[in-house]
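Engineer: Next up is a structure, given as structure tokens.
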Amino acid sequence: MKNHWVTFFGGTIHVKVEGKGVERFINQLTRSHLTIWNVKRQGSLAVTFYIRLQDLQKLRHQVRGFDCKISFLTGQGAPFLWKRTLKNAGFFAGFFLFFVVITILSNVVWGIDIKGASPQMEHQIRKELDRLGVQVGKLQFFMDDVQTIQQKLEDRIPSITWVGVDLNGTTFQFQVVEKNIPTPPDKLPPQDLVANKKAVIVDMFVENGQKMVSINQYVNKDQLLVSGIIGNEHGSKQVAAIGKILGKTWYKSDVQMPLQSDFQVYTGSEKRKYSLQIGSVSIPLWGFGKIKYKNYDTEVEGKSIKFLKWTLPIKFKDITIREKEIVKRTYNEKQAINAAKEIAQSDLKGKIPSDAKIVDEYVLHQKVENGKVNLSIYFQVIENIAKAKPITQGDSE
């Protein structure tokens, strides 16, 4: 029989025929166009051969006119394999259920270990982990990854300097470094306070030292503001000048703002899909159907599935499809100028100290050219302009 796949799926039977008319019976089967193969003689009165399962009834019909006895030795192929599988269905179901249960338990969080934290800090971290959904008995599929958990903990608990997060099997391990209360600074050496840039003095708060400038005075860079040498003609001493000198400084910013621009925004519509990734094959679990969005972004988060201590080549994938659209923004000249000012201010805030304050702005140059507004803006900023300068032996003389 050449087509083994056909006979496998259809099923075959190994038949034994015994009796005096065996040869005539075999000839009759051949004349009746019944397909038999592997015909072998078993002694003088018996023959064995294979026949298709679908020809079984025809075989029984043909044997009625002969003095022969038919017995069926074995059945082979898919129908018999399926029958044997059904007989052992309980075993296979139990094995499959065992595998599923062990796989699920291997992907559940069974422990949260926190090291390096005080009892109060550990309690605070555990409360925050509960808010993040990191809890004992919860599936890891529905938690953030370790990098996201680490970032959220550092953002939400300001009293920790750093926290290391590691998922070891079914246990989350956290290594915490708490912020230390700053120790009082060492005694400062004798120093002056000088200007770090040109400015007009607007206010002064001097803790130690002798003022050398006054409010509304214009000062140059490196000009002495507060002297660390105090005393009179009868005697003097060197101290560490300490204080804050607020000065009005100036910054120039050049900005371009197009009158028309295209940008992408999310509409708020999204679709979630879940699937199992086995090697290069993806098996959808939830979220079927085509994506109806014309423009969209796809975010894929994959988490490996574990079995006991081993990581299986299977991933649970959480896919988020967010609809987006192209929006054309058109400014008139006034709106473009205001938008350019906001951009310039935002850029300047990233350059000046956090305690500095922008108090005024002046447009030096304004021009509309090639569909763009070009601006040159001067900003007035109030900031601490004092910087420490050690007193040398020559300064004290």
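The values are calculated or read from the model by the stated rules, or taken from the named source; none is laboratory data. All values reported here derive from a predicted model rather than from experimental measurement. In this analysis, Cβ positions are derived from the backbone assuming ideal geometry, glycine residues included, and neighbour counts consider all displayed protein chains.
Engineer: With the condition being over 30 Å from Gly209 (Cα atoms), I'd like the strands (runs of 3 or more DSSP E) fully within region 296-390 carrying at least 3 qualifying residues.
Structural biologist: Here the list reads 296-307, 310-330, 357-369, 372-384.
Engineer: When you scan region 1-67 for strands (runs of 3 or more DSSP E) that lie fully inside it, which ones turn up with 1 or more residues that are among the charged types (D, E, K, R) and surrounded by 15 or more Cβ atoms within 10 Å (Cβ to Cβ)?
Structural biologist: Filter on region 1-67 gives 12-19, 46-52.
Engineer: In region 232-291, what count of residues is obtained for those that are closer than 30 Å to Ile319 by Cβ and of a type outside the set (S, T, N, Q)?
Structural biologist: Of the residues in region 232-291, 23 are closer than 30 Å to Ile319 by Cβ and of a type outside the set (S, T, N, Q).
Engineer: Suppose the filter is modelled with pLDDT of 80 or more and among the basic types (Lys, Arg); does Lys292 pass it?
Structural biologist: Against the criterion (modelled with pLDDT of 80 or more and among the basic types (Lys, Arg)), Lys292 qualifies.
Engineer: Looking at Ser282, Ser261, can you tell me which residue is assigned to a strand (DSSP E or B), more than 23 Å from the chain's Cα centre (by Cα), among the small types (Gly, Ala, Ser) and surrounded by fewer than 16 Cβ atoms within 10 Å (Cβ to Cβ)?
Structural biologist: Ser261
Results for (1) among the charged types (D, E, K, R); (2) in the same structural domain as Lys271 (by TED's automatic domain parsing); (3) in contact with a Phe, Trp or Tyr (Cβ under 7 Å, 6 or more places away or on another chain), shown as yes or no for each residue.
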site	(1), (2), (3)
Phe316	no, yes, yes
Glu323	yes, yes, yes
Glu333	yes, no, no
Ile337	no, no, no
Glu342	yes, no, no
Asp347	yes, no, no
Lys351	yes, no, no
Ser354	no, no, no
Asp360	yes, no, no
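Engineer: Continuing with this model, one more query. Output the residues belonging to region 223-256 that are at pLDDT below 90, charged (D, E, K, R) and either on the phi > 0 side of the Ramachandran plot or under 52 Å from the mean Cα position of the chain (by Cα) (or both).
Structural biologist: Within region 223-256, just Asp254 meets the criteria.
Engineer: Tell me which residues, restricted to region 220-237, are touching an Asp or Glu at 6+ places or on another chain (Cβ under 9 Å) and in a strand (DSSP E or B).
Structural biologist: Leu224, Leu225, Val226, Ser227, Ile229
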